[in-house]
Amino acid sequence: ALVGVAVGECIDRLLPPAVDEAQGKLRRKMILLSSVAANNFPDLDFVLNPLLPKPLAYLLMHRGHTHTLLFVLPQALLLLLLFWLVYPSFRSLLKNDRESKKGIFL
């Protein structure tokens with residue numbers, strides 16, 4: 001989570017300033033939130049742990065499929081859809097601000 005906050009903060013600082021203060025705060029919040037979620041989302045593989053016997057579950061599942069380059073795009077799309085459905089402000093930010101879109105995708 002701390003790496004997600006640090007990456008999100010760096011991305012937000014790299015973008016040009018927002019048009020107004022309210023939009024800038026919203027953009028920063030959404031970039032930080034999406035960065036933290038994206039950094040932690042692959043660790044949801046612990047849900048698969050009960051499928052295998054105890055010592056093997058952690059060793060085979062954790063840092064397994066969800067931590068591969070093959071699963072990066074589906075996970076990113078799933079998170080984008082989740083944010084799109086849950087946060088109306090996220091939708092408006094992506095529709096109206098090109099810099100916010102760039103920051104969130106980074």
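Bear in mind that the values in this text are calculations on the coordinates, not laboratory data. Since the model is a prediction, treat every value here as computed from it, not as a measurement. So basically every Cβ, Gly included, is an ideal-geometry build from the backbone, and we count neighbours across all protein chains shown.
A few notes on this one:
- Förster radius 35 Å - calculated FRET efficiency between Val19 and Gln75, Cβ distance, rounded to 0.05: 0.65
- Relative to the dominant Cα principal axis of the chain, helix 2-14 is inclined by about 30°.
- Computed from Cα positions, the angle between helix 21-40 and the longest principal axis of the chain comes to roughly 10 degrees.
- In sequence order, segment 95-104 has phi-based couplings of 6, 9, 10, 5, 5, 5, 4, 4, x, 5 Hz under the Karplus curve 6.51 cos²θ - 1.76 cosθ + 1.60, θ = phi - 60°, and Gly or Pro positions carry x.
- Between 0 and 90°, nearest 10: helix 72-86 axis offset from the chain longest Cα axis: 60 degrees
- Only helices enter this figure: runs of n ≥ 4 DSSP H residues, each worth -39500 (n - 2.57), summed and divided by the residues of the chain, yield -21500 deg cm²/dmol at 222 nm to the nearest 500.
- Environment charge at Ile31 (Cβ cut-off 12 Å; Lys +1, Arg +1, Asp -1, Glu -1): +3
- Approximate spin-label separation Arg91-Ala37, in nm, with each point projected 7 Å along Cα-to-Cβ: 1.4 nm
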